[in-house]
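For reference, the structure discussed in these notes is given below.
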Amino acid sequence: MTNKNRILITNAYAVNNGDMALVVALLQVLENKGYEVSIATFHYKFLKSKYPQLPLLRELLDYKLPVNATFFKRFFLKLNYFVNNNYKNFDVYIGSPGGYMNSYYGLKKCLLPLVAAKNSNKKTAVYSQSIGPLNQRDTNLLSEYGKNIDMLLVRDNYSRICAETALPSSKILQTKDAAFLLKPRKSTAKNSKLVAISVRSWKHDNRNMNLYYEMMQTIAEKVLERGFDVEFISTCQGVENYVDDSKTASIIKELIIKKNDSYQNRVNVDSQFYTFFELMDLLNSRYTFVVGTRLHMCILSLINGTPAFNISYEIKGKYCYEYLGYQDYTVDFNETTEEVATKFDTFLNDFSDLSNSVYDTILHVHGESINSLNVFLDKMRMN
């Protein structure tokens, strides 16, 4: 039986499989509850060709606009909203889960569709976001646009603190990362000797990429010394004119081979695009463990029963691993050599035990995430 509320998940950038995981997770649980749900996404044409089975719509601002000014975007968006019957005929608009509400990426593009929806008396929310860091301009912007949001769900303590500088606490609900709405699976990678490593470039927060390259080279060499082979793979690769982590992986591979040519045939860079569903199957069946800089490379591995060591380029990785009880298995993007060696050696000694316990750990977090969703639906009067 279909629920009376029709829901649109907005502002999805789902060419990144981490982002696709988030919207698919939310889509599936809402559909299981009887809601009619669609996803409004950027890169619509590409994604529709890859995911014909998903209920995708084109996001209102998924166009190359001749003028980048905010007032022009607002005018175009408002006009597009009112003439686009496929987009405007929903009851509830939910900003997609993720980590894009910070001053690196900007807030306007993700919040403007919710402003348009609220002006048409729709229910509005943002689900399971990392908030911040925010500069004063964006704090003011969130406060202004936040008047058009009925609820904001945050996925860690730091995000709650950032959100409360701009919004009343009555509008804020803390939950977990939305990917944990996906049902966990037990790994089928029996006796695998292959390890996946996910890397990325990150130059915000005065990060030093050369230090990062050295750290990832050290980690990869430790993996190889243990008798495992290495495959560089990411949630974000193989899409033309989009971020491609395999380029960063190739730099690190060159450093490894330059130091020890005998590793030439034991290190592979996989640069092809995988759909979210294909990547999930790889993470469930191919690797003995994962080292992930992309947070959702780690989360999706854990959901598939595969242990994952996290390189935290933003605060969100650290906080996620804290609430999982895995704080000993995460290091900072520019961590000291000593701390990396200590924590990664601990992980290497523990991963076999983790392989046996990760399913139960993630099953518990999955249950908490479902409970948070039910609280959200009650507060939004959607149950």
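Can you say whether Gly317 is crowded, with 22+ Cβ neighbours inside 10 Å, of a type outside the set (Val, Ile, Thr) and under 23 Å from the mean Cα position of the chain (by Cα), as far as the supplied structure shows? For Gly317, the condition - crowded, with 22+ Cβ neighbours inside 10 Å, of a type outside the set (Val, Ile, Thr) and under 23 Å from the mean Cα position of the chain (by Cα) - is met.
With respect to the conditions (1) surrounded by fewer than 22 Cβ atoms within 10 Å (Cβ to Cβ); (2) modelled with pLDDT of 90 or more; (3) within 18 Å of His43 (Cβ to Cβ); (4) not acidic (Asp, Glu), Asn89 lacks only one, and its number is (3). Candidates are the residues of segment 320-334 that are farther than 24 Å from Asn208 by Cβ and among the aromatic types (Phe, Trp, Tyr); the one that is surrounded by the fewest Cβ atoms within 10 Å (Cβ to Cβ) is Tyr323. Among the residues of segment 48-76, those identified as under 25 Å from Thr275 (Cβ atoms), outside any loop (DSSP other than H, G, I, E, B) and hydrophobic (A, V, I, L, M, F, W, C) are Leu56, Leu57.
Residue by residue, here is whether (1) in contact with a Phe, Trp or Tyr (Cβ under 6 Å, 6 or more places away or on another chain); (2) under 22 Å from Lys379 (Cα atoms); (3) of a type in the set (S, T, N, Q) holds:
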{"site": "Arg160", "(1), (2), (3)": "no, yes, no"}
{"site": "Ser187", "(1), (2), (3)": "no, no, yes"}
{"site": "Arg200", "(1), (2), (3)": "no, no, no"}
{"site": "Met209", "(1), (2), (3)": "no, no, no"}
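If you scan segment 365-379, which residues turn out to be acidic (Asp, Glu) and either more than 16 Å from Asp156 (Cα to Cα) or not in a helix (DSSP H, G or I) (or both)? If the condition is that a residue be acidic (Asp, Glu) and either more than 16 Å from Asp156 (Cα to Cα) or not in a helix (DSSP H, G or I) (or both), then Asp378 is the only one that fits.
Note on segment 1-34: among residues that are in contact with a Ser or Thr (Cβ under 9 Å, 6 or more places away or on another chain), of a type in the set (S, T, N, Q) and not in a loop (DSSP other than H, G, I, E, B), the one that is modelled with the lowest pLDDT is Asn11.
Where helices (runs of 4 or more DSSP H) sit wholly within segment 231-314, those with at least 2 residues that are of a type in the set (D, E, K, R) occupy 246-259, 276-285.
The values are calculated or read from the model by the stated rules, or taken from the named source; none is laboratory data. All figures in this text were calculated on a predicted structure; none of them were measured in a lab. Don't worry about glycine lacking a Cβ; one is built from the backbone with ideal geometry, like all the others, and counts go over all protein chains shown.
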